[in-house]
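The values are calculated or read from the model by the stated rules, or taken from the named source; none is laboratory data. Values in this document were obtained by computation on a predicted structure and should not be read as measured data. Because the Cβ atoms are built from the backbone with ideal geometry, glycine has one as well, and the counts that use them run over all protein chains shown. Areas reflect the complete protein model, heavy atoms only, side chains present, ligands, DNA and RNA absent. Shrake-Rupley method; radii C 1.70, N 1.55, O 1.52, S 1.80 Å.
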Amino acid sequence: MIDCLAGQLTCKAVTEAITDYLEGNLGFVERIRFQMHLGFCRGCRRYLRQMRLMLRTFGTLPMEPIPPAVRDELLQRFRTWKSRSQT
Ligand SMILES: [Zn+2]
């Protein structure tokens, strides 16, 4: 049961849902799955930490320069996420 829930979430799904997660837009089951994936996936934990930092930076220090690589990745994810929710 637990394996089944955790197995349903891929790294790709986690990174795509990460803004929803941070904004509290995920449903209960999705949150659980998300957290379980983070429990065993180091890469996604690191990504989540970066995103948290990023949101905090945007929220408190809008003028703070963002590393270009991180910014590009962010922008790309937002674009993907946007185009998908619009179509
Ligand atoms: Zn992962």
Segment 40-62: number of residues that are closer than 15 Å to Arg77 by Cβ, more than 11 Å from the ligand (Cβ to nearest atom) and not aliphatic (A, V, I, L, M): 3
In segment 1-39, the residues that are within 9 Å of the ligand (Cβ to nearest atom), modelled with pLDDT of 90 or more and over 20 Å from Glu73 (Cα atoms): His37
Per-region count, segment 23-60, residues in contact with a Leu (Cβ under 8 Å, 6 or more places away or on another chain) and either among the aromatic types (Phe, Trp, Tyr) or open to solvent by 90 Å² or more (accessible area, probe 1.4 Å) (or both): 3
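When segment 7-22 is examined, which residues are found to be hydroxyl-bearing (Ser, Thr, Tyr), open to solvent by 60 Å² or more (accessible area, probe 1.4 Å) and closer than 14 Å to Thr80 by Cβ?
None - no residue of segment 7-22 is hydroxyl-bearing (Ser, Thr, Tyr), open to solvent by 60 Å² or more (accessible area, probe 1.4 Å) and closer than 14 Å to Thr80 by Cβ, so the list stays empty.
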Every pair of residues 6+ apart whose Cβ atoms lie under 9 Å, when the first sits in segment 61-73 and is on the phi > 0 side of the Ramachandran plot and in a helix (DSSP H, G or I) while the second is at pLDDT 75 or above and open to solvent by less than 80 Å² (accessible area, probe 1.4 Å): none
